[in-house]
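The structure appears right after this line, and notes come after that.
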Amino acid sequence: MTTIAPLSETAAPILSVNNIEVIYDHVILVLKGVSLTVPKGGITALLGANGAGKTTTLKAISNLLHAERGEVTKGTIVFEDQEVQALSPNQLVRRGCIQVMEGRHCFGHLSIEDNLLSGAFTRRDGAAAIRADLDLVYQYFPRLKVRRASQAGYTSGGEQQMTAIGRALMSRPKMILLDEPSMGLAPQLVEEIFEIVKKLNEEQGVSFLLAEQNTNVALRYAKYGYILESGRIVLDGEAQALRENEDVKEFYLGVGGEGRKSFKDVKHYKRRKRWLA
Amino acid sequence: MEFLNSIFVKPFADMVGAPDFLLQVLWEGLVAGVLYALIALGFVLIYKSSRIFNFAQGIMVVFAALTLVGFHEKGVPALLAVPLTLLVMFILAVAIERAVLRPLVNQPDLILFMATIGITLFLIGFGEIIFGGENKVMITEQLYIPTGSFEFEPFGGFVSIEQKDLTAVIGAVLLVVGLLVFLNRSKMGRAIRALGDDHQAALSVGISLSTIWVLVWFIAGVIALATGIVWGARAGVSFALEVIAFKALPVLMLGGLESVLGAIVGGLAIGVLEKLFEIYWGQPLLGGNTETWFAFVLALVVLLFRPQGLFGEKIIERV
C-alpha cells in the first residue's frame with residue numbers, strides 16, 4: 001500500500017527527514033521514526049489527527065523543540081544537503097527555512113506592519129530590499145495593507161494568518177513549514193489562504209511542508225502527502241492517489257467506498273481496522 | 001473639627017499661601033521622581049523582553065557608579081572613565097547572559113527570579129572585594145556637571161534649583177526619548193517588543209534570544225550608570241544606594257510591569273506625591289519620615305482597584 005517512489009524523477013529534495021525520533025522531557029517518546037522528503041519547489045502535506053505528531057515533526061525541523069524541552073534523539077534532518085538538527089532557529093531562518101506556527105502567533109501589541117517587519121530580523125541586505133519585500137507581501141495580501149497600522153491582536157483570524165505567513169515571507173525563505181493554516185477559519189478563508197500558498201509556490205518558488213487536519217483541502221493543493229499516526233508515517237503517496245485511497249477516504253475524508261455511511265457504522269469499521277492498533 | 005481641618009484645609013491653605021515653597025517642593029519631588037522612573041525603566045525593559053523580574057537592577061546602579069569612581073581613582077580621566085564603565089556594563093551583560101540566563105532558559109519564572117537574587121549577592125561581594133566597602137564621592141565636577149544653583153523669585157518668594165538636578169532631569173529626559181525612539185523605530189527595538197509579546201513566535205522568525213538579552217541587560221546597565229551618577233551626586237556612592245531600587249517597586253506596581261510609559265508616569269507621580277505628602281501632611285501630622293512608606297501605601301491602594309497597574313498592558317483577548 002505504500003509507494004516509496006520519489007515524487008518526480010528530476011526534483012531534488014530541499015528537505016529530507018530521515019527516521020527521526022523525538023523525546024520530550026527526556027521521557028515522552030512522541031515521534032517514533034519519521035521520514036519524509038520535500039522536493040525543491042514542491043508542496044507536501046503532512047496529514048493526521050490531533051496528537052499524531054505533525055506539529056512536533058515541524059518543530060523538530062525548525063528546531064523550536066528545544067524551547068519546549070524536546071529533542072531529536074535519533075535520525076537526521078537534511079536541508080539543502082546539510083544536516084541541520086544542531087542549528088538554532090535563528091541560523092535555520094538565515095538559511096531559508098522558517099516555520100509559521102499553529103495558531104498564528106502574531107505579536108499582538110505590534111502593528112501589522114511591525115509584525116511583518118519583525119520577520120526581516122535575520123536579513124542583512126539593507127532597508128531598501130526589505131521595503132521592496134514589504135510591498136511584495138502587500139501585493140499578495142492586499143488586506144494587510146489596508147490594516148497595516150492596526151494592532152495585530154485586534155485583527156481577525158484570517159488577517160492574523162495572513163500576517164503570520166507574510167511575516168515568514170519577509171525572511172526571504174526557500175521553504176516554509178506551515179502548521180495548520182486552516183485552524184479556526186471559515187471555509188472560504190481557508191480556500192483563500194491556500195490559493196495564496198499556491199501562488200507563492202508557483203511565483204516565488206517557495207517550497208512548502210504543510211501540516212493539516214483538513215485533509216480534503218490539503219490534498220487538493222499539495223502534490224504529495226504523508227499520513228502520520230501516533231508518531232509514525234503510515235501512508236504516503238501522490239496527492240491524487242491518496243485522495244482515491246479507500247482508507248484515506250474512510251478515515252480522513254469522511255466518505256466510504258459505498259458513499260456516506262452512518263456515524264455508527266464508521267465507528268464500527270474504525271474499531272475493526274486501523275493502521276496501528 | 002480641628003483634626004479634620006488640619007487634614008483637609010490647612011495643607012491646601014499652606015500651598016496657596018506660599019506658592020514659592022510649593023514650587024520648590026514640586027521640583028524636589030520631580031527630581032526624585034525622574035530617578036525612580038529611570039530605575040523602573042530598567043526593570044520594565046528586562047521584564048518585557050524576558051519575563052524576568054530583575055532583582056539585581058538596584059545593585060547594578062551601585063556597581064556602575066562604583067566602577068566609574070573606581071576608574072577615576074586609578075587615574076583614568078573622568079570622560080574616559082564613562083565609556084570604560086559602559087564597556088564593563090556590556091561585559092557584565094554578556095556574562096550574565098552566558099552564565100545565568102542561557103543555562104536557565106525555559107525554567108519557571110521563579111527560578112530566574114532567584115537567579116537574579118544570586119546575581120545581586122554576587123555583585124555585592126565582588127564589588128566589595130574590588131572597590132572596598134567605604135563610601136565614595138561621585139566625580140561630579142570632573143564630569144563637567146555644573147554644581148551651582150539657579151535662584152528665582154516668583155510671587156515675591158524664593159526658589160532655588162540646583163544645576164546638577166537640572167542636568168539630571170535633562171539627561172534623563174534625553175535618555176528616555178532616545179530609548180523610546182530606539183524601541184519604536186529600530187529593528188532591534190522592534191525585536192525587543194516582539195519578544196515581549198510572544199516568545200515562541202519571536203524564536204520562530206529567527207529573532208536570536210541571546211542577542212536580545214545581552215542588548216536589554218546592557219541597556220539596563222546604561223540606565224543604571226545614569227542613575228548611579230545622578231543619585232551618587234546627591235547622596236554619595238555606597239552599597240546603601242541599593243535600597244533606592246526598592247523605591248522602584250511601588251513605581252512598578254503603580255505603572256504596571258510592562259509599560260514604559262507607566263514607569264515614567266508612575267515614577268514622576270510617586271516622586272511628587274510622596275514629597276507633597278511628607279511636607280504638608282507627614283511632618284505636621286505624623287512626625288515626618290513618611291517618604292519611606294508612602295509610595296508603598298499608594299501602590300497598594302492602586303492595586304486594590306487596578307491589579308494590572310495604571311498602565312499595565314491590556315491583555316488583548318478576542319472573543
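Applying the set (1) at the interface with another protein chain (Cβ under 9 Å from one of its Cβ atoms); (2) more than 14 Å from A:R104 (Cβ to Cβ) to A:A152 leaves exactly one unmet item: (2).
Residue-by-condition table, conditions (1) part of a loop (DSSP other than H, G, I, E, B); (2) surrounded by fewer than 16 Cβ atoms within 10 Å (Cβ to Cβ):
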{"position": "A:I98", "(1), (2)": "no, no"}
{"position": "A:C106", "(1), (2)": "yes, no"}
{"position": "A:A128", "(1), (2)": "no, yes"}
{"position": "A:Q139", "(1), (2)": "no, yes"}
{"position": "A:L144", "(1), (2)": "no, no"}
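When B:I139 is tested against (1) at pLDDT 90 or above; (2) more than 30 Å from A:R69 (Cβ to Cβ); (3) not acidic (D, E), only condition (1) is not met.
Please go through (1) closer than 24 Å to A:R172 by Cα; (2) assigned to a strand (DSSP E or B); (3) modelled with pLDDT under 95 for A:F208 and return the number of the only condition it doesn't satisfy. Looking at each condition in turn, A:F208 falls short on (3). If you go through region B:150-166 and pick out every residue that is modelled with pLDDT of 80 or more and closer than 20 Å to B:V34 by Cβ, you end up with 9.
If you go through region B:261-295 and keep only what is farther than 20 Å from B:D14 by Cα and in contact with a Ser or Thr (Cβ under 9 Å, 6 or more places away or on another chain), you end up with B:V265, B:G266. Looking across region A:67-94, the residues that are crowded, with 17+ Cβ neighbours inside 10 Å and more than 8 Å from chain B (Cβ to nearest Cβ) come down to A:G70, A:V72, A:G75, A:I77, A:F79, A:V84, A:Q85, A:L87. Just give me the residues in region B:122-166 being closer than 19 Å to B:T227 by Cβ, assigned to a helix (DSSP H, G or I) and β-branched (V, I, T), in sequence order. Once the filter is applied, which keeps residues that are closer than 19 Å to B:T227 by Cβ, assigned to a helix (DSSP H, G or I) and β-branched (V, I, T), region B:122-166 yields only B:I124. Filtering region A:160-180 to residues that are crowded, with 23+ Cβ neighbours inside 10 Å, over 16 Å from A:V137 (Cβ atoms) and away from chain B (no Cβ under 11 Å) leaves only A:M175. Candidates in region A:107-117 are the residues that are under 15 Å from A:L144 (Cα atoms) and facing chain B (nearest Cβ under 7 Å); of these, the one that is nearest to the chain's Cα centre (by Cα) is A:F107. Within region B:221-259, the set of residues being assigned to a helix (DSSP H, G or I) and of a type in the set (V, I, T) comprises B:V222, B:I223, B:T227, B:I229, B:V230, B:V243, B:I244, B:V251.
Among residues of region B:89-118 being free of Cβ contacts under 8 Å to residues at least 24 places away in the same chain and among the β-branched types (V, I, T), the one that is surrounded by the most Cβ atoms within 10 Å (Cβ to Cβ) is B:V100. Checking each residue in region A:122-146 for being of a type in the set (A, V, I, L, M, F, W, C), free of Cβ contacts under 8 Å to residues at least 24 places away in the same chain and more than 10 Å from chain B (Cβ to nearest Cβ) picks out A:A128, A:A129, A:A132, A:V146. For region B:167-187, taking the residues that are part of a helix (DSSP H, G or I) and more than 22 Å from the chain's Cα centre (by Cα), the one that is modelled with the highest pLDDT is identified as B:K187.
In region A:181-216, the qualifying residues are those that are more than 12 Å from the chain's Cα centre (by Cα) and of a type in the set (G, A, S), and the one that is farthest from the other protein chains (Cβ to nearest Cβ) is A:G205. Of the residues in region B:39-56, none is aromatic (F, W, Y), modelled with pLDDT under 90, out of contact with any helix residue (DSSP H, G or I) (no Cβ under 6 Å at 6 or more places or on another chain) and over 30 Å from A:G70 (Cβ atoms).
Residue by residue, here is whether (1) free of Cβ contacts under 8 Å to residues at least 24 places away in the same chain; (2) of a type in the set (S, T, Y) holds:
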position: A:A120; (1), (2): no, no
position: A:R148; (1), (2): no, no
position: A:A152; (1), (2): no, no
position: A:I176; (1), (2): no, no
position: A:Q188; (1), (2): yes, no
position: A:S207; (1), (2): no, yes
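Within region B:188-213, the residues that satisfy the criterion of being touching a Lys or Arg at 6+ places or on another chain (Cβ under 9 Å), aliphatic (A, V, I, L, M) and in a helix (DSSP H, G or I) are B:I192, B:L195, B:A201, B:L209.
Could you look through region A:1-44, keep only residues that are charged (D, E, K, R) and in a loop (DSSP other than H, G, I, E, B), and pick out the one that is modelled with the lowest pLDDT? So, considering only residues that are charged (D, E, K, R) and in a loop (DSSP other than H, G, I, E, B), the one modelled with the lowest pLDDT is A:E9.
The values are calculated or read from the model by the stated rules, or taken from the named source; none is laboratory data. Everything numeric in this text was worked out from a predicted model, so none of it was measured. With ideal geometry, Cβ positions are generated from the backbone for all residues, glycine too; neighbour counts draw on all protein chains shown.
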